[in-house]
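The values are calculated or read from the model by the stated rules, or taken from the named source; none is laboratory data. In this text, all values refer to a predicted model and were calculated from it rather than measured experimentally. Here the Cβ positions follow ideal geometry from the backbone for every residue, glycine too, while neighbour counts run over all protein chains shown. Keep in mind that these areas ignore ligands, DNA and RNA; they rest on the heavy atoms of the full protein, side chains included. Shrake-Rupley method; radii C 1.70, N 1.55, O 1.52, S 1.80 Å.
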Amino acid sequence: MAETTYLEAIRQAMSEEMDRDPAVVLIGEDVGVYGGAFKASEGLLERFGWERVIDTPISESAIVGAAIGMGYAGLRPLAEMQFIDFIACAFNQITNFAAKSHYRWGAPVPLVLRGPCGGGVHGGPFHSANPEMYFVHTPGLKVICPATAYDAKGLLKSAIRDNNPVLFFEHKFLYRRIKEDLPEDDYTVPIGKASVRRQGRDLTIISYAAMLHTSLEAAAELAKEGIEAEVVDLRTLLPLDTETILASVRKTNKLLVVHEDTRTGGIAGEIAALVTENAFEHLDGPIRRVTSLDTPVPYAPPLEEYFLPSVAKVVSAARELAHY
Amino acid sequence: MASSLTREQHLDLYYYMRLNRDLEEQMVRLFRQNKIVGGVYSSLGQEAISVGTAYSLGPGDWIAPMIRNIGSLLVRGFKPRDILTQHMARYTSPTLGKDGTSHFGDLKTRHVVSPISMLGDLIPVMTGIAMAGRYLGQKIVAMTWIGDGGASTGVFHEALNLAAVQKAALVLIVENNHWAYSTPTERQTALRDLADRAKAYGIEGAIVDGNDVVAVERTAREAVAHARAGHGPVLIEAKTMRMRGHAQHDPAEYVPKEMIEEWKRCDPLDRHEKFLTENKLWNAKTKQEIDQRIARELQADVEFAENSPFPPPELAAEGVYCEGCHTIEADWKRPKEEVMPPRSSVVAKWQIKNPNAAEGPSKRTPASTHSPSGNGARPAPSAKTSAKPKHAKKSKGARVPVKAGH
């Protein structure tokens, strides 16, 4: 079987779930005739028709609101944000309507809200955001950030079948850059389970999305120096797989967290608190983090490169921690 | 005043309005006794709107009431005890004490969506329910309410616009009670009539005397029929007056006294009682029987609420996620095969219906081809474009068509 890109894996997940379940519909801006700004839904309108692939006005709040209503009526809507930066326009619908619905009055919202996030493509301050932590701080949501084509497909299928509002952040840098052989048969990847991508003994590097690949490259570099880093891919940020995180730290005794999200209030802080609360006696060094700067995402290539984590920055921080 | 309702239905309208008012009087009493945990948001003087609009719906239809639409909840089959226990934060309430006031609902049988406190957000949600209903072949109508203040939100515009292009079976009741907390309508909008907004979305609009329950019911019934027939959303502006403050804590001293006095003369319950008497639909004995029945029901439900426990504290940690406790099930009223390949397959190409856009500025003839599914909608019974909104058949006295300018 030919190798499948991360983008194609997402398209396959949507198409296969729409084939499997007529309750699955897609709603968003330019998702139908145009096939989505990144072509993630290309071909879906042809296959499933106008009633199931719905082009909307430029109204993010109405898109999410309508999808919530569809979920109440028994459908399993997929709503697309053309760029995930625009999710801010629908913040109230997500955090006050969808997230609190089951807790408040026992009304589940089976909604998947997906869209392209992330930098490294010179998209500038409004087309590069990683807004996951606004939502990780919102009880009732699930937040998924896949790093591989296999996970993108398997986790999107799980998200569609889930009874809760799931935010599915697709890293646009990975859309066409990574590809892999995927199984022919239907499969899912469980929400809330991290994955150890590389075994190691000297330190743990926790990451997700595009930064997983940066971390794996850094681990390969470090191995040349005799430093064996264990690399954990979170895959889901909410709910967080605390068991896998703590097990790895108990094994390596040192922790570096790498994320593309900005530094203050990023998931690294939460993980650091989790580890000090639960595995303090296992730590042989300070918890370190490599993140983007606390600034908006800048446009010019040298500025964005300076802003983002890099293999060199991860290697440097990991080396220092390994020798601590 | 002509009405198509039966005597029993007219008495129903009285029952629900009287129940609504007497229930709220009980809630005010409980509030003064410190038995209400949060606020009480009075709908005094607005009962005809809650009751009349909800009464026009069928059993399969959906509603999403706002905080002052307790009357709609009663019409939909919720009991005074549901509303009392909600306000008193008891474990026996529909939300088990997790939320208060009229923030509750029922997806499965009564088809009621709980409001949130942020205004306007119910409109896209109910649009989505109407879209899903059409997709599932249910022929349902979704109704929700908004105030003159809530009509100022951005999501009001987004949602009504989406509902219009989707020809969603949505009926939006704009309750113009002239006050958004302390701010008068003239500081919310430069329009005299909020119903004029309908024209901006290319949808049907109407104005109704919100204190005349018979007129409200008839106007809503027409709007519901229009929406159910696939002609698109309807906006009804119901003119009324908020006779109390924003909530029980607010004496509303900012409201001119003469305004209150004037609206007191239009009290919706007084008017309906007069209507029933003048049309010989009841007598003193009928009234007494209904009033006594309400008093009995309220007494029992107040006792029930007062004797109900608060929820156990540990409940606070439960129920954030649905972990298999609910099933997501669509009620299909059409063959699923219609929406599955190969039958669902289409040519992914727009057919532009707007004659101005499709044929250029010089040709103003109507488009000869029509693609009813081009905007995701199912074929509507009327294939005309919505460039010029059609007015549904008017009924005497109840309904004022929207006119541009004043």
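Spin-label pair B:K139-A:F91: with each label point 7 Å from Cα along the Cα-Cβ axis, the two points sit 4.5 nm from one another.
In the protein assembly as shown, the DSSP beta bridges split such that about 20 percent are antiparallel, to the nearest 5. Simple point charges give the picture: +1 on the Cβ of Lys and Arg, -1 on the Cβ of Asp and Glu, and for chain B a dipole about the Cα centre of about 1780 debye.
Among the protein heavy atoms, those of A:D202 account for about 40 Å² of accessible surface (1.4 Å probe, every chain in place).
Hey, with R₀ at 30 Å, roughly what FRET efficiency would A:F126 and A:T264 work out to, going by the Cβ-Cβ distance, to 0.05? Approximately 0.90, to the nearest 0.05. Among B:M27, A:M133, the order of accessible area from largest down is A:M133, B:M27, computed with a 1.4 Å probe on protein heavy atoms. Once the Cα atoms of helix B:122-135 and of chain B are each reduced to a long axis, what angle between those two axes, in degrees from 0 to 90 to the nearest 10, is obtained? Around 50 degrees separate the two axes.
Put B:K167, A:K153 in order of accessible area, highest first, and with a 1.4 Å probe you get B:K167, A:K153.
For the set A:D21, B:D331, solvent exposure ranked by accessible area (probe 1.4 Å, protein chains only) runs largest to smallest as B:D331, A:D21. Beta bridges from DSSP with both residues in segment B:7-317: antiparallel share about 10 percent, rounded to the nearest 5. Take A:K254: with every protein chain present and a 1.4 Å probe, its accessible area is about 20 Å². Rounded to the nearest 10 degrees, what's the angle between the helix A:6-20 long axis and the longest principal axis of chain A, both from Cα atoms, 0 to 90? Orientation of helix A:6-20: about 40 degrees from the principal axis.
Based on Cα contacts under 8 Å between residues 6+ apart, chain B shows a relative contact order of 20 percent. A DSSP coil position with no more than 15 other Cβ atoms inside 10 Å describes the following chymotrypsin sites (Phe, Trp or Tyr not before Pro) in segment B:43-120: B:Y91.
The label-point distance for A:D284 and B:R110, in a model that sets each label 7 Å from Cα toward Cβ, rounds to 6.3 nm. Inter-chain Cβ neighbour count for B:108-115, averaged per residue, equals 3 (cutoff 10 Å, partner chain atoms only). Over the protein assembly as shown, the reciprocal of the mean inverse Cα-Cα separation, the Kirkwood hydrodynamic radius, stands at 27.8 Å.
Across segment A:195-322, the relative contact order, built from alpha-carbon pairs under 8 Å that are at least six residues apart, equals 30 percent. Between chain A and chain B, the total buried accessible area stands at approximately 4800 Å², from heavy atoms with a 1.4 Å probe.
Scan segment A:107-148 for chymotrypsin sites (Phe, Trp or Tyr not before Pro) in coil per DSSP, keeping those whose Cβ has at most 15 other Cβ atoms within 10 Å, and list them by number. Qualifying residues, ordered by number: A:F126. In chain A, helical runs assigned H by DSSP with n ≥ 4 each contribute -39500 (n - 2.57); averaged across all residues and rounded to the nearest 500, the mean residue ellipticity at 222 nm is -10500 deg cm²/dmol.
Neighbours of B:F156, meaning other residues whose beta-carbon lies under 12 angstrom from its beta-carbon, give a summed charge of -2 when Lys and Arg score +1 and Asp and Glu score -1.
DSSP beta bridges fully contained in segment A:184-324 are about 20 percent antiparallel. For chain A, relative contact order (Cα pairs under 8 Å, six or more residues apart, normalised by length) works out to 16 percent. Segment B:259-299 and segment A:204-221 have Cα centres lying 73 Å from one another.
Segment B:105-141 and segment B:1-76 have Cα centres separated by 19 Å.
A 30 angstrom limit on the alpha carbon distance is what I want to check against. Which of A:K100/B:K257; B:K239/B:K280; B:K79/B:K274; A:K157/B:K349; B:K264/B:K285; A:K193/A:K254 exceed it? In this structure, A:K100/B:K257 lie more than 30 Å apart at Cα. Applying 1/(1 + (r/R0)^6) with r as the Cβ-Cβ distance of B:Y91 and B:M118 and R0 = 22 angstrom yields a FRET efficiency of 0.25.
Residue by residue along B:153-164, Cβ atoms of other protein chains within 10 Å of the local Cβ number 5 on average. Shown here for segment B:251-349: trypsin sites (Lys or Arg not before Pro) in loop regions (DSSP other than H, G, I, E, B) with at most 16 other Cβ atoms within 10 Å, namely B:R265, B:K280, B:K333, B:R343, B:K349.
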